[in-house]
1. Most mobile of Ser141, Ser233, Ser31 per a Gaussian network model of the chain (Cα springs, under 10 Å)?
2. For His47, which sequence-distant residues (separation of 5 or more, or a different chain) have an amide H within less than 5 Å of its own amide H, given hydrogens modelled in the peptide plane?
3. Which value in nm describes the separation of the simple spin-label points at Arg173 and Asp251, placed 7 Å from the Cα toward the beta carbon?
4. Before I look further, what does the chain give for accessible area per residue, probe 1.4 Å, in whole square angstrom?
5. Sorted by accessible area (1.4 Å probe), largest first, how do Cys65, Cys179 line up?
6. At a 1.4 Å probe radius, which order do Val69, Val76 fall into by accessible area, largest first?
7. If you keep only loop residues by DSSP, which trypsin sites (Lys or Arg not before Pro) in the stretch 165-231 have at most 15 other Cβ atoms within 10 Å of their Cβ?
8. Show Ser67, Ser273, Ser137 ordered by accessible area, largest first, where the area counts protein heavy atoms only and the probe is 1.4 Å.
Amino acid sequence: MTDVTRATLSLLDGRTMPQIGLGVWQAAAGSETKDAVLTALRLGYRHIDTARLYRNEKDVGHAVCESGVPRDEIFVTTKLWNDDHGYDAALRAFDASLDRLGLEYVDLYLIHWPVAGKRAESWRALERIRSEGRARSIGVSNYLVRHLEELFQTAREPPVANQIELHPFLQQRETRALCDKHGIVVQAYSPLTQGRRLDHPVIADVARRAGKTPAQVILRWGIQHGHAILPKSTREARIRENADLFGFTLDEAAMTALDALDEGRAESWDPRSQA
């Protein structure tokens with residue numbers, strides 16, 4: 001059992017989530033996604049994050065089933081897309097995702113985006129899906145403080161996770177603080193800034209002093225802040241590198257330097273304009 005297998009976070013509903021997952025956003029459907037997932041599972045990953053939007057749920061499911069790893073040891077996440085919001089539509093969308101995955105259940109089902117007008121009804125559908133055991137846990141993605149506070153007013157049960165873009169250049173402190181207050185695990189997507197900021201001089205300096213790569217430094221920053229992280233790669237060397245985060249610790253000076261990089265800059269979708 002490797003460190004990436006052992007590292008987990010506790011969820012509000014009593015379950016646990018592997019802290020490091022493989023993200024497959026922008027991984028091509030077919031062999032590229034399937035091979036990446038098989039590689040990750042072989043290297044000890046036990047958390048795979050997909051979505052209807054990514055168009056590769058089927059390939060994730062095939063890899064999970066063919067990996068030889070017991071199903072109950074793999075944490076599979078997928079998500080409800082924007083045009084499937086509403087109670088009945090969300091139920092149908094979940095059924096379709098489960099069918100594409102070829103699985104009897106998913107470990108975490110997320111509302112992918114806080115679509116105005118229907119998100120409360122969508123959450124009611126997710127609560128039903130969880131009560132039926134077809135999604136073991138439920139959560140949200142791209143929810144900021146106002147979206148979470150609205151959800152708290154009507155939800156019978158809170159989300160166990162909130163998946164947001166998160167890295168030293170976009171730290172989302174208010175959203176993280178609210179999640180911490182309510183015991184919601186923060187999941188970081190695009191934790192490597194989609195590769196766009198790895199050459200920043202502060203990152204490079206911390207990496208040089210730690211004897212690690214810039215990617216490992218950014219991911220370790222997330223680990224030390226207690227986030228779940230979902231780095232995406234389809235290359236075995238990168239998948240291996242992104243899991244090698246437990247043989248070192250960033251000291252206080254390094255964490256302070258990385259914490260000072262916040263620019264409020266999103267590299268992906270930005271929900272700050274979403275009502």
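The values are calculated or read from the model by the stated rules, or taken from the named source; none is laboratory data. What you are looking at is a predicted structure, and each value in this text was computed from that prediction instead of being measured. So basically every Cβ, Gly included, is an ideal-geometry build from the backbone, and we count neighbours across all protein chains shown. Note: accessible area is taken over every heavy atom of the protein model, side chains too, but ligands, DNA and RNA are not part of it. Shrake-Rupley method; radii C 1.70, N 1.55, O 1.52, S 1.80 Å.
1. Highest fluctuation of the listed residues: Ser31.
2. Leu22, Phe75
3. 2.4 nm
4. Working: 11500 Å² over 275 residues.
For the chain, the solvent-accessible area averages 42 Å² per residue.
5. Working: Cys65 90, Cys179 0 Å².
Ranked list, largest accessible area first: Cys65, Cys179.
6. Descending order: Val69, Val76.
7. On the way: sites: Arg173, Arg176, Lys181, Arg196, Arg197, Arg208, Arg209, Lys212, Arg220; in loops: Arg196, Arg197, Lys212.
Counting only loop positions with at most 15 other Cβ atoms within 10 Å, the trypsin sites (Lys or Arg not before Pro) in the stretch 165-231 are Arg196.
8. Values: Ser67 35, Ser273 110, Ser137 0 Å².
From most exposed to least exposed: Ser273, Ser67, Ser137.
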